Amino acid sequence: MSAQGSPYPSGPPSGRGDNAPKGANPLRRTSDRLECWLRHILMVVLVAGLPAAAVSAGLASYEASMRTVRAQTAERHQVIARLTAGVTSDDERAKQPAQVRWTDADGDVRTGAALVKPGTPKGATVRVWVTRDGTLTSPPANTLNATTSGWMVGGMTAFGVAVGSHAAWAGIRLVLDRRRYARWDAEWDLVEPQWSARFRR
């Protein structure tokens, strides 16, 4: 048979559904369209919201830590003190509390307990941190502490946003799937008697 007498059109086959409008899949349910929109919304929240939330939380934590650094630096200072007794310990790595004595700016002699390396002899000088009223205290926080705090809070916030988005998506899928299963059960209750009747003939 020649090409002119063929019942089929010549040329490449046309694509299926070329004239169908985009998104007009007859099998696509309302829940499918809703799921698609919600997935897009969560993706926008994850892509745009995660960095914004992490940076904001990290900067807020850094600024708060820097205020603490400035306050502690202003109210604490180092003085030179002398050990009133030697320090001995079986653990040579861990510092041990020891009695020290120093003279403050007013000329008053003060004593207190400070952490000192084991093996430090009596009378050795050590540097200790004191407050304005002469109370022994720990060293003030520094910028490294503030930076570390900012990164940790920012990272935890990013993790929380990611976990929250995943949990929200899992919850949405669970609700939609339950509704789909319920509709399938209802439709099957209508169709199943007709199918069963065909096999009972």
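Computed values, structure above
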{"quantity": "Rel. contact order, % - alpha carbon contacts under 8 angstrom, at least six apart, segment 84-201", "calculated": "17"}
{"quantity": "About the Cα centre, charge dipole magnitude for segment 62-126 (Lys/Arg +1, Asp/Glu -1 at Cβ), debye", "calculated": "80"}
{"quantity": "Label zone at T148, where the point sits 7 Å out along the Cα-to-Cβ direction: segment 69-108 residues whose backbone N lies under 15 Å", "calculated": "69"}
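Taken together, the values in this text are just the output of simple stated rules run on the coordinates, not laboratory data. In this text the structure is predicted, and so the values were computed from the model without any measurement. In this analysis, Cβ positions are derived from the backbone assuming ideal geometry, glycine residues included, and neighbour counts consider all displayed protein chains.
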